[in-house]
């Protein structure tokens, strides 16, 4: 993952490890394991604007996509910008790509691209977990805008 960081080197390394876990666990499609890198009170807004409140809800939010439309998909993150919000909170903005997503009927979609923002929180033990995710699929944005572009 290429990145720019305003954090100290140790905090940058811990944040990068957390983001690598995010990608690895997402690609493993195990919603329960994926949920363990989030705080209990985490919020996750997905690419279609659905917001899950709490770890249990975000685990459930990911079961269907992991089993159906993203079953064979591979997520990658790049161009990370990492900056502190406070001593215990970090904001990460990243570009992502996803290959091999499908429609619910199994039709393979072109590679998708998007932007994700994550707020990471350091707990009392010094462990970084994800507190908030806002995810946007920019392919969807372009498709909507194409209706208004004159040719």
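Things worth noting here:
- Compactness index (Cα Rg / 2.2 N^0.38 Å), the stretch 3-146: 1.03
- Difference of contour (0.36 nm per residue) and Cα-Cα distance, residue 8 to residue 105: 30.3 nm
- Between residue 89 and residue 135, the FRET efficiency estimated from the beta carbon spacing at R0 = 22 angstrom works out to 0.75.
- Distance (nanometres) between label positions extended 7 Å along Cα→Cβ at residue 97 and residue 24: 2.2 nm
FYI, it's all coordinate maths here, none of it is from the lab. Computed from a predicted structure; not experimentally measured. Quick reminder, even Gly has a Cβ in these numbers, built from the backbone with ideal geometry, and neighbours come from all protein chains shown.
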